[in-house]
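See structure below.
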């Protein structure tokens, strides 16, 4: 035991030494390439325009706040190293880390990556915070000490960097703005580092609120009326006690908008976490992103014609719209579509194409990222559309209207690649409607969600654990801020609802499938990759029982988030109302 402790101490000393060296090197690197008071450039932080605004670090309220968070975080981490079962120290570490996160991300990324992992990561490890949570849950004292030691070093990096280079007012203001979005994410329990304990999830939310409160004071911003709706969080002890999470998310977004207006009045420009749909002036954790593909009306119109054209399949067998029917939310209502190849059976359910332009990956096994590639893959697959490149180009080029439209939109005219781009342009233009009640609510319509909708979102985000994988605002496995990090999950789906065997389709190889959007889910039955669950009620029951394991199936690698939920009948009812009503787009 003593040897383990000594090894752990040596490791932590090395990490702390590395932390100090990194911070010093960072400071030197900045002063070698730019004036000492320049903050590390981050996307949109305007730091290089703010050099003259930073006061001496010792007197700057923003610097003092960050140093205080660093000292408090290190003290809590040290306590946890000494007493690995100290729950309060663990909660304090999480709260101080969450409070620091937005500044770390915008100012110096090393501690953010050490503590929380990369902003966008395929593997959702959650950095040392995630490791600490797993160690605390498993009562693994050595792992607790290792993770806490890493976090102690992470807190030391910005503390040293403040002494060396300070932080600009612009970078700090951007961090406070970002924190309002992150608070909404924490309340929705939709981050990749959601902790196991409800008290820990609450500590994360309170950390963001702490930073927003102290940060606005440090910036001299007067926003008490906008911040007031968030104060009810402080009367709770765990996140499970918090109701009307939708209202809190919206209030956090409104506060963020007020903070950005206040900063703008002092000459500081900030950016949003991502480009919102239709250039919305405001943003919160329920706000949809704009598709990455730039809008091009002529290409979109051309793609729309192609989408409904059966000539793209030999003998006019089917069009894209045959399996993606607009009246069925661009799904088809079948267990699986019929195959055009007698030698091949199509086993997978046709997913909706709505919101595909803002998904991280496409297809059930996530093998395609770009919509134009996905369109061409379907067009080329014999069982689905069955056209060769030559056939596609010939069919389209032989139509004078098509040929002229392609020449107008593409320098090289009709090519298979341009056919794919036209179809992707149609999807980006038309298939991200953002007209559901949840979207109107995010844009400021307080009456868009009914009381049952709001209660259902509370279950979705909280006890139901849905938002951890079906991440708002897309409500799929696509994570903000850039929606390129996909979520896959092993659920243990059986071959039929009452079957005693797993479905034979192994997805990516381990039984894991891409998490699809649940937007418009009331219109896209049947469900799961095999289309064997006919009703949404059965799907909710499947999750409530704990997935495949809960049904008594052998699923050794089932996702740990999938476990018995013990939902009451009322919780199931409002969850179903939320899924069927709040997430359904207007016709």
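Would you mind stating whether residue 468 is farther than 19 Å from residue 280 by Cα, surrounded by fewer than 22 Cβ atoms within 10 Å (Cβ to Cβ) and within 16 Å of the chain's Cα centre (by Cα)?
yes
Any idea which of (1) modelled with pLDDT of 95 or more; (2) surrounded by fewer than 20 Cβ atoms within 10 Å (Cβ to Cβ); (3) part of a loop (DSSP other than H, G, I, E, B) is the one residue 287 doesn't satisfy?
Against the list (1) modelled with pLDDT of 95 or more; (2) surrounded by fewer than 20 Cβ atoms within 10 Å (Cβ to Cβ); (3) part of a loop (DSSP other than H, G, I, E, B), residue 287 comes up short only on (2).
Tell me which residues, restricted to the range 436-454, are at pLDDT 95 or above, within 20 Å of residue 517 (Cβ to Cβ) and part of a loop (DSSP other than H, G, I, E, B).
Scanning the range 436-454 gives 436, 448, 449.
List pairs: first residue in the range 456-472 and closer than 22 Å to residue 361 by Cβ and assigned by TED's automatic domain parsing to the domain that holds residue 239, second residue modelled with pLDDT under 95 and surrounded by fewer than 24 Cβ atoms within 10 Å (Cβ to Cβ) anywhere in the structure, Cβ distance under 9 angstrom, at least six positions apart or on different chains.
none
State which residue is surrounded by the fewest Cβ atoms within 10 Å (Cβ to Cβ) when the search covers only the range 93-124 and only residues that are touching a residue at least 40 places away in the same chain (Cβ under 8 Å) and outside any helix (DSSP H, G or I).
Across the range 93-124, the extreme among qualifying residues is 122.
Residue-wise test of (1) crowded, with 20+ Cβ neighbours inside 10 Å; (2) outside the structural domain of residue 455 (by TED's automatic domain parsing); (3) under 24 Å from residue 336 (Cα atoms).
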position	(1), (2), (3)
485	yes, no, no
490	yes, no, yes
493	yes, no, yes
504	no, no, yes
507	yes, no, yes
530	yes, no, yes
541	no, no, yes
566	no, no, no
578	yes, no, no
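Is there a residue in the range 328-344 that is within 24 Å of residue 512 (Cβ to Cβ) and part of a helix (DSSP H, G or I)?
No: zero hits.
How many residues does the range 333-363 hold that are closer than 21 Å to residue 495 by Cβ and crowded, with 21+ Cβ neighbours inside 10 Å?
So the answer is 3.
Out of all the residues in the range 198-209, which are under 20 Å from residue 257 (Cβ atoms) and either in contact (Cβ under 8 Å) with a residue 60 or more places away in the chain or outside the structural domain of residue 127 (by TED's automatic domain parsing) (or both)?
Result: 205, 208.
What residue, of 237, 264, 232, is farther than 30 Å from residue 391 by Cβ, outside any helix (DSSP H, G or I) and without any contact (Cβ under 8 Å) to a residue 60 or more places away in the chain?
After applying the criteria, what remains is 237.
Table: residues versus (1) in a loop (DSSP other than H, G, I, E, B); (2) more than 17 Å from residue 464 (Cβ to Cβ); (3) touching a helix residue (DSSP H, G or I) at 6+ places or on another chain (Cβ under 8 Å).
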| site | (1), (2), (3) |
| --- | --- |
| 171 | no, yes, yes |
| 180 | no, yes, yes |
| 183 | no, yes, yes |
| 186 | no, no, yes |
| 190 | yes, no, yes |
| 200 | no, yes, yes |
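Going through 158, 195, 229 one at a time, which residue ends up being in the same structural domain as residue 115 (by TED's automatic domain parsing), crowded, with 23+ Cβ neighbours inside 10 Å and more than 26 Å from residue 483 (Cβ to Cβ)?
Checking each option against the conditions leaves just 158.
Keeping to the range 549-564, report how many residues are within 21 Å of residue 467 (Cβ to Cβ) and buried (at least 18 other Cβ atoms within 10 Å of the Cβ).
Total meeting the criteria: 4.
Do you know which of the residues in the range 364-378 that are touching a helix residue (DSSP H, G or I) at 6+ places or on another chain (Cβ under 6 Å) and assigned to a helix (DSSP H, G or I) is surrounded by the most Cβ atoms within 10 Å (Cβ to Cβ)?
375
Does the range 243-255 contain at least one residue that is in contact with a helix residue (DSSP H, G or I) (Cβ under 6 Å, 6 or more places away or on another chain), on the phi > 0 side of the Ramachandran plot and either surrounded by fewer than 23 Cβ atoms within 10 Å (Cβ to Cβ) or at pLDDT 95 or above (or both)?
Checked against the condition, which is being in contact with a helix residue (DSSP H, G or I) (Cβ under 6 Å, 6 or more places away or on another chain), on the phi > 0 side of the Ramachandran plot and either surrounded by fewer than 23 Cβ atoms within 10 Å (Cβ to Cβ) or at pLDDT 95 or above (or both), the range 243-255 yields at least one hit.
Of all residues in the range 506-531, count the ones that are assigned to a loop (DSSP other than H, G, I, E, B) and modelled with pLDDT of 95 or more.
13
The values are calculated or read from the model by the stated rules, or taken from the named source; none is laboratory data. Quick caveat, the model's predicted, so the values are computed rather than measured. Cβ sites come from the backbone with ideal geometry, for glycine too, and all protein chains shown count toward neighbours.
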